[in-house]
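Structure, as structure tokens:
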Amino acid sequence: MKLIVGLGNPGPEYAGTRHNVGFEVIDLLAKRHRILTAKRDFKSVLGDGQIGGERVLLVRPMTYMNLSGEALAAIAQYYHVGCEDILVILDDVALPPGKIRLRFKGSAGGHNGMANIIKLLHTQEIPRIRIGVGAPPPGNLIGHVLARFRKEELPLMREAYERAADAVECALSAGFDIAMNRFNISDKPAPETPPNVPKAGDKKQPDSA
């Protein structure tokens, strides 16, 4: 079994906020694969189904963000799931809105939900998909992550949820390393060709008279 865990805060007052992008991807996966996410157990909302030939448990912890590890640790222990079979989906203020990044392991990067998971699972080697929600104004991290997206950001975020769900499916069917190679696309623009240097494939033109 694979645990696909989307982080967020429960309750309608938090729906659509930057901190809840993990919930959005879980809901999208459930819709795509017709997985009913209604069971409440282990301080979570759960959905048991199949994605990419793998049995998965879709998980939305209901502990509030800072205690996400309590729910995940209990589920992992009950189902005897190792960290290599867990995939966490979370928000990241270090990435621009709509960008996604896959990582095999790493620190929490200041994310309290991920920090609690690392603490209770006793390892940083937890695969994750980070979804960019934009940087906060100085001194207003909490207000930023608990705020909803601006109207102009919504198309970027909807596309990000689709790509993150695609990445989950790829990781399950082909492996996390292949998903990383496919979805961790560089944001750096290609270097410009210096003036007067012909591009590859260009034919040399005769000098002007």
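Only the coordinates and a few stated rules stand behind these numbers; no lab work does. Not measured: the values here are computed from a predicted model. Using ideal geometry, Cβ is built from the backbone for each residue, glycine included, and neighbour counts are taken over all protein chains shown.
Residue check: is R32 crowded, with 19+ Cβ neighbours inside 10 Å, farther than 19 Å from G82 by Cβ and charged (D, E, K, R)?
Here the answer is no, as R32 does not meet what is asked.
What number of residues within the range 1-37 satisfy the criterion of being outside any loop (DSSP other than H, G, I, E, B), of a type in the set (V, I, T) and within 25 Å of S173 (Cβ to Cβ)?
Keep residues of the range 1-37 that are outside any loop (DSSP other than H, G, I, E, B), which gives 2-6, 12-14, 17-32.
Checking the rest, the ones that are also of a type in the set (V, I, T) come to 4-5, 17, 21, 25-26.
Filter once more, so that each one left must be within 25 Å of S173 (Cβ to Cβ): 4-5, 21, 25-26.
Qualifying residue count, the range 1-37: 5.
For the range 130-148, how many residues meet the condition of being under 16 Å from the mean Cα position of the chain (by Cα), part of a loop (DSSP other than H, G, I, E, B) and not hydrophobic (A, V, I, L, M, F, W, C)?
Matching residues across the range 130-148 total 1.
Taking L95 and the conditions (1) without any contact (Cβ under 8 Å) to a residue 60 or more places away in the chain; (2) crowded, with 17+ Cβ neighbours inside 10 Å; (3) under 16 Å from the mean Cα position of the chain (by Cα); (4) over 20 Å from N181 (Cβ atoms), which numbered condition does it fall short on, given that it satisfies the others?
Going through the list (1) without any contact (Cβ under 8 Å) to a residue 60 or more places away in the chain; (2) crowded, with 17+ Cβ neighbours inside 10 Å; (3) under 16 Å from the mean Cα position of the chain (by Cα); (4) over 20 Å from N181 (Cβ atoms), L95 breaks only (4).
When you scan the range 118-139, do you find a residue that is out of contact with any Asp or Glu (no Cβ under 6 Å at 6 or more places or on another chain), among the acidic types (D, E), under 16 Å from I89 (Cα atoms) and touching a residue at least 40 places away in the same chain (Cβ under 8 Å), even just one?
Yes, the range 118-139 has at least one match.
Which ones in the range 6-52 are of a type in the set (S, T, N, Q), in contact with a Gly (Cβ under 6 Å, 6 or more places away or on another chain) and more than 20 Å from A71 (Cα to Cα)?
Once the filter is applied, which keeps residues that are of a type in the set (S, T, N, Q), in contact with a Gly (Cβ under 6 Å, 6 or more places away or on another chain) and more than 20 Å from A71 (Cα to Cα), the range 6-52 yields nothing.
Any idea which of F149, F104 is aromatic (F, W, Y) and touching a Gly at 6+ places or on another chain (Cβ under 9 Å)? Steps first, answer last, please.
Details: F104 fails: touching a Gly at 6+ places or on another chain (Cβ under 9 Å).
Result: F149 is the single residue among F149, F104 that is aromatic (F, W, Y) and touching a Gly at 6+ places or on another chain (Cβ under 9 Å).
Look through the range 38-76, keep the residues that are out of contact with any helix residue (DSSP H, G or I) (no Cβ under 8 Å at 6 or more places or on another chain) and not in a strand (DSSP E or B), and return whichever of them is surrounded by the fewest Cβ atoms within 10 Å (Cβ to Cβ).
By that ranking, first place goes to A38.
Given the structure, is G113 part of a loop (DSSP other than H, G, I, E, B) and farther than 22 Å from G175 by Cβ?
Criteria not met by G113.
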